[in-house]
Amino acid sequence: MKLVVPSPLYKKSFLEALREYQREEISERDIRHDLVPLYPNVLAKSFETYIKQIVDASKGKYLPKGFVAHTTYWLVDCNEFIGRVDIRHTLTDKLLREGGHIGYDIRSSKRKMGYGKKLLALALPKAKALGITKALITCDESNIGSKKIIEANGGVFENSVDMGEGCPRKLRYWIQR
């Protein structure tokens, strides 16, 4: 199991994972999920362009207004895409409230198998290499799995933030390395 830079080598399993994400029951949390708007059939035809966009984002190129440079890694096991992690190089006021430095997810069929804990453990040295010695990670108050992953990796709870009516509270943790 390792973190890799996104690559066409993992196209087939990435697209399978994307289909899994989209078969899940759509909840408010999933609607905001970065992968939900991607369409596997369209992406299959322009996968190399998608990979280039990921690489450009790590260099701060062509980002939408309000976005920060962020490096994406994929967790693979036996050449199968398991999940991904985004490491945001800096924080905006919005990211300080929700999102933080590190965001991650595991494909549906691989959850509750310890991959999330391993993914975050592998991402922390990558964040440190980017100069992030104290990383902010947030999760929905109701996301018990993510809360356990963060705490298992040394996350120290700072506070919870009210995100407004109809939105789940965000738990904010810091991990220092």
_Options SER146, SER109: the member that is outside any loop (DSSP other than H, G, I, E, B) and open to solvent by 20 Å² or more (accessible area, probe 1.4 Å)_ = SER109
_Hits in segment 92-150 - residues which are within 25 Å of PRO64 (Cβ to Cβ), basic (Lys, Arg) and without any contact (Cβ under 8 Å) to a residue 40 or more places away in the chain_ = LYS94
*Positions within segment 103-149 being more than 14 Å from PHE81 (Cβ to Cβ) and among the acidic types (Asp, Glu), in sequence order*: ASP140, GLU141
*What are the residues in segment 123-143 that are buried (at least 17 other Cβ atoms within 10 Å of the Cβ) and of a type in the set (A, V, I, L, M, F, W, C), if any?*
ALA123, LEU124, ALA127, LEU130, ILE132, ALA135, LEU136, ILE137, CYS139
_Looking only at residues that are touching a residue at least 60 places away in the same chain (Cβ under 8 Å) and open to solvent by 40 Å² or more (accessible area, probe 1.4 Å) in segment 78-91, which one is farthest from ARG19 (Cα to Cα)?_
ASN79
_Filtered residues of segment 151-177 (kept if free of Cβ contacts under 8 Å to residues at least 24 places away in the same chain, part of a strand (DSSP E or B) and open to solvent by 70 Å² or more (accessible area, probe 1.4 Å))_ = VAL156, PHE157, GLU158
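Identify the residue in segment 90-106 that is in a helix (DSSP H, G or I) and among the hydrophobic types (A, V, I, L, M, F, W, C) and, among all such residues, is farthest from the chain's Cα centre (by Cα).
Let us first name the residues in segment 90-106 that are in a helix (DSSP H, G or I), namely 93-97.
Adding the requirement that they be among the hydrophobic types (A, V, I, L, M, F, W, C) leaves 95-96.
Working: LEU95: 13, LEU96: 16 Å.
My answer is LEU96.
For LEU3, state whether it is within 29 Å of TYR173 (Cβ to Cβ), of a type in the set (A, V, I, L, M, F, W, C), open to solvent by less than 50 Å² (accessible area, probe 1.4 Å) and at pLDDT below 90. Before the answer, list the steps.
Details: within 29 Å of TYR173 (Cβ to Cβ): yes; of a type in the set (A, V, I, L, M, F, W, C): yes; open to solvent by less than 50 Å² (accessible area, probe 1.4 Å): yes; at pLDDT below 90: no.
So LEU3 does not fit the description; no.
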*Would you mind stating whether LYS45 is open to solvent by 90 Å² or more (accessible area, probe 1.4 Å) and either touching a strand residue (DSSP E or B) at 6+ places or on another chain (Cβ under 7 Å) or touching a residue at least 24 places away in the same chain (Cβ under 8 Å) (or both)?*
no
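If the requirement is being over 27 Å from SER160 (Cα atoms) and touching a helix residue (DSSP H, G or I) at 6+ places or on another chain (Cβ under 8 Å), which of these qualifies: ASP56, ASP77?
Result of the check over ASP56, ASP77: ASP77.
The values are calculated or read from the model by the stated rules, or taken from the named source; none is laboratory data. Model, not experiment: these values are computed from the prediction. All Cβ positions, glycine included, derive from the backbone under ideal geometry; neighbour counts span all protein chains shown. Accessible surface areas use protein heavy atoms only, side chains included; no ligands, DNA or RNA. Shrake-Rupley method; radii C 1.70, N 1.55, O 1.52, S 1.80 Å.
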